[in-house]
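The values are calculated or read from the model by the stated rules, or taken from the named source; none is laboratory data. Model, not experiment: these values are computed from the prediction. So basically every Cβ, Gly included, is an ideal-geometry build from the backbone, and we count neighbours across all protein chains shown. Protein only, heavy atoms only, side chains kept; ligands, DNA and RNA dropped before computing areas. Shrake-Rupley method; radii C 1.70, N 1.55, O 1.52, S 1.80 Å.
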Amino acid sequence: LKEVQTISSMASIHYIRQKEPLGLGHAILCAEQFIGDEPFAVLLGDDIKTSEEPALKQMIQAYETTNQSVIGVQKVDVEEVSKYGIIQPKNKSGSLHEVNDLIEKPSIEQAPSTIAVMGRYILNPSIFSYLKTIERGVGNELQLTDALRVVCEKERLFALELEGQRFDIGDKVGYMKAMVEVALKRRDLRHTFLSYLEGIVEKERANNFSH
Ligand code: G1P
């Protein structure tokens, strides 16, 4: 009971439905009324990150030193660039890049690097006015990436290379990997779950992993 009560007092939850699938930029605009004139974090629910220091904490520290919007990035294989927003970095200090430009879901030929935007952002509220000026982009959607290009032009944008693992739970295998790996990191589950997995692998091995 205590555990459930603690969760319910951790935060005030506001929610709003995005009534049309017009893209991430549009989804963020829907939340404008809750945010007002403050920097805020965006976490895409299909990107799961695990690291010693939480990704968002690393990014908040970067925001506090730069006072500029910060996006979370990670290197990907070159064949994967067309799934992500890809940055063109300009200078780098440690794991923090200043971003010169970025492009949503480029082809391999168009991609300015292999540094991809993962679903974590700390944004200054000025993003709302940029989201209102951009046209629909890739997929005929209002793309956050296109509003971030305006940030590069009019302000400054930083990208922090995040440590740790990342799971794409919009993908079936990615979802299952996240469940297993996150469970194995929990002290209360690790032992029982690992024996269960061992049992499964043993059984499958006896059947020669046949289909
Ligand atoms: C969104 C963003 C993209 C980012 C990706 C991370 O794309 O538009 O820039 O790299 O999330 O997962 P989506 O996966 O929603 O198509």
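Just a yes or no: is a residue in the stretch 157-172 in a helix (DSSP H, G or I), of a type outside the set (A, V, I, L, M, F, W, C) and either in contact (Cβ under 8 Å) with a residue 40 or more places away in the chain or closer than 22 Å to residue 41 by Cβ (or both)? No, that holds for no residue. If we keep just the residues of the stretch 161-173 that are at pLDDT 95 or above and not hydrophobic (A, V, I, L, M, F, W, C), which is surrounded by the most Cβ atoms within 10 Å (Cβ to Cβ)? For the stretch 161-173, the residue satisfying everything is 161.
Against the test of being in a helix (DSSP H, G or I), open to solvent by less than 30 Å² (accessible area, probe 1.4 Å) and more than 14 Å from the ligand (Cβ to nearest atom), the options 150, 182 yield a single qualifying residue, 150. Filtering 156, 120 for residues that are open to solvent by 100 Å² or more (accessible area, probe 1.4 Å) and modelled with pLDDT of 95 or more leaves a single hit, 156. Within the stretch 112-127, not a single residue is in contact with a His (Cβ under 8 Å, 6 or more places away or on another chain) and assigned to a loop (DSSP other than H, G, I, E, B).
Let's see how each residue does on (1) closer than 22 Å to residue 174 by Cα; (2) open to solvent by 50 Å² or more (accessible area, probe 1.4 Å); (3) not aliphatic (A, V, I, L, M):
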{"residue": "25", "(1), (2), (3)": "no, no, yes"}
{"residue": "31", "(1), (2), (3)": "no, no, no"}
{"residue": "35", "(1), (2), (3)": "no, no, no"}
{"residue": "39", "(1), (2), (3)": "no, yes, yes"}
{"residue": "43", "(1), (2), (3)": "yes, yes, no"}
{"residue": "48", "(1), (2), (3)": "yes, yes, no"}
{"residue": "52", "(1), (2), (3)": "yes, yes, yes"}
{"residue": "56", "(1), (2), (3)": "yes, no, no"}
{"residue": "61", "(1), (2), (3)": "no, yes, yes"}
